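The values are calculated or read from the model by the stated rules, or taken from the named source; none is laboratory data. Not measured: the values here are computed from a predicted model. Virtual Cβ from ideal backbone geometry, glycine too; neighbours counted across all protein chains shown. Accessible surface is based on the protein model in full, side chains and every heavy atom, while ligands, DNA and RNA are left aside. Shrake-Rupley method; radii C 1.70, N 1.55, O 1.52, S 1.80 Å.
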Amino acid sequence: MIRVVGIDADLITYSAGFVLAKREKEGNKITLNEAYTITDTIVRKILRGAEATHYLGFLTHSPSNFRIDRAKTLKYKGNRDKAKDKNPIPFKAEIINHMIIAWGFQLIRGMEADDALTIAGE
C-alpha cells in the first residue's frame, strides 16, 4: 500500500536550529555535520512515525510569500518575538539547502509550505 506523507519542512528547520542554539548557549561547539545529523534524524522520525512509503517536503521561500504584500493593517508575522531576530538559527541556510539536496524537498515561492501541502493534499 502506498502511504504518502506531506512534510512542512519549515518546522524541521526551526526544530533543528533550536536544538543547535541550545547546545551552543550551553557552551558546546556546534558543527554543520551536527546540523545535518539532527535534521536527518527529524525527517527519518517523521517518516517512520507516519509509516510513509513516499513523501513530499516543502520549504517556504519567505521573501516571496504573498502574505507580506497583503498584510496592510499589521506587518505579516509582526507579533513574533523580536529577540529571536537577534539570535538567528545556526546554520539555517545550510539546513534548508541540505533538505533540498539530500531529501528532495521543494522550496516554494509565493506562498508558505503549509499552503503547498494543502494544495498537494487536494
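Conditions (1) touching a strand residue (DSSP E or B) at 6+ places or on another chain (Cβ under 8 Å); (2) among the β-branched types (Val, Ile, Thr); (3) loosely packed, with under 11 Cβ neighbours inside 10 Å; (4) at pLDDT below 95, marked per residue:
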| position | (1), (2), (3), (4) |
| --- | --- |
| Thr31 | no, yes, no, no |
| Arg48 | no, no, yes, no |
| Ser64 | yes, no, no, yes |
| Leu74 | no, no, yes, yes |
| Lys82 | no, no, yes, yes |
| Ile100 | yes, yes, no, no |
| Phe105 | yes, no, no, no |
| Arg109 | yes, no, no, yes |
| Ala120 | yes, no, no, yes |
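Among (1) out of contact with any helix residue (DSSP H, G or I) (no Cβ under 6 Å at 6 or more places or on another chain); (2) within 20 Å of Asp114 (Cα to Cα); (3) modelled with pLDDT of 95 or more, where does Thr37 come up short?
Result: Thr37 passes all but (2).
Which residue pairs have Cβ atoms closer than 6 Å, lie 6 or more positions apart in sequence or on different chains, and pair a first residue in region 27-54 that is over 14 Å from His98 (Cα atoms) with a second residue that is open to solvent by 80 Å² or more (accessible area, probe 1.4 Å) and assigned to a loop (DSSP other than H, G, I, E, B)?
Glu51/Arg3; Ala52/Arg3; Thr53/Ile2; Thr53/Arg3
Which of (1) open to solvent by 80 Å² or more (accessible area, probe 1.4 Å); (2) not in a helix (DSSP H, G or I) does Ala52 not meet, given it meets every other one?
(1)
So for region 36-46 (the condition being open to solvent by 70 Å² or more (accessible area, probe 1.4 Å), charged (D, E, K, R) and assigned to a helix (DSSP H, G or I)), does at least one residue qualify?
Yes; the residues of region 36-46 include at least one that is open to solvent by 70 Å² or more (accessible area, probe 1.4 Å), charged (D, E, K, R) and assigned to a helix (DSSP H, G or I).
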